[in-house]
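Below is one structure, written out as structure tokens; comments come after it.
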Amino acid sequence: ESEAVLPFAAIADLLLPLREKFVELPQAQRQALEACLALASGPAIGPLAACAAALGVFAIAADDTPLVILVDDFQWVDPESQQILLFVARRLAAERIVMILAARDEPGAQPPEYGLPILHISGLSSSECADLARGLGVGISLSALQSLVKRTGGNPLAVLENLAGAADGIDSFESRPLTLSASL
């Protein structure tokens, strides 16, 4: 989030580990990409060259081994990186690449239209949390479980973190502070 004001910051994080692949790009694309990432001086050739170059680097890398690109908190990615990532995401059908761009839902706001398939992920249901508790060998009363699911919104990590407290006979999580470890 703090780097959202730095142009190309997010795409640099994804592409710099693949820098050795830049030499396989057409000259104009390589120059555009290197200029965007402050690896070389030169005039900005235009956003299309940088977008095509990023797609090219990812595709070249995916020729060696399938590639998964995960971007969390997409809403905080700098606009220049968003533009490149969306360009790439729309052109992956022929590549051995999977891209997941995760963004938070803002209450009461319509999500931006990116022209990509959207999968809304919600929290676990009460029955799924009960299965989780059973799988962990934690006995929990129905009322405590329902209280936990309500307070956590079914967030799997929050449920896991707090199930251990349920083993000590707690009947409700309503008046109890929820715990979240450093893993959050």
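The values are calculated or read from the model by the stated rules, or taken from the named source; none is laboratory data. None of these values were measured; they are calculated from a predicted model. Backbone-built Cβ (ideal geometry, glycine too); neighbour counts: all protein chains shown. Heads up: the accessible areas ignore ligands, DNA and RNA and are worked out on the full protein's heavy atoms, side chains in. Shrake-Rupley method; radii C 1.70, N 1.55, O 1.52, S 1.80 Å.
Please compute the Kirkwood hydrodynamic radius of the chain from all pairs of different C-alpha atoms, in Å with one decimal.
19.4 Å
From the Cα gyration tensor of the stretch 85-125, with a ≥ b ≥ c the square roots of its eigenvalues, which class applies: rounded if a/c is under 1.5, or else prolate if a/b is larger than b/c, or else oblate?
oblate
Tell me the mean residue ellipticity at 222 nm calculated for the chain from its helices only (DSSP H runs of n ≥ 4, each -39500 (n - 2.57), averaged over every residue, nearest 500).
Roughly -13000 deg cm²/dmol at 222 nm, from the helical runs in the chain.
Determine the gain in length on full extension of the stretch Val98-Arg19; use 0.36 nm per residue of separation and subtract their C-alpha separation, reporting nm with one decimal.
Length gained between Val98 and Arg19: 26.5 nm.
Rounded to the nearest 20 debye, what is the charge dipole size of the chain about its Cα centre when +1 sits on each Lys and Arg Cβ and -1 on each Asp and Glu Cβ?
Charge dipole, the chain, about its Cα centre: 220 debye, nearest 20.
Calculate how steeply helix 27-36 sits against the longest principal axis of the alpha-carbon atoms of the chain, using the helix alpha-carbon long axis, and give the answer as 0 to 90 degrees to the nearest 10.
The helix 27-36 is inclined about 50 degrees to the chain.
What FRET efficiency comes out for Glu1 versus Gln27 if R0 is 35 angstrom and r is the Cβ-Cβ distance? Round to the nearest 0.05.
0.50
Report the one residue of Pro117, Ala102, Ser143 whose Cα lies farthest in the direction of the positive end of the charge dipole of the chain (charges on C-beta: Lys and Arg +1, Asp and Glu -1; origin at the Cα centre).
Pro117
Might you tell me the accessible area per residue for the chain, computed with a 1.4 Å probe and given in Å²?
On a per-residue basis, 59 Å².
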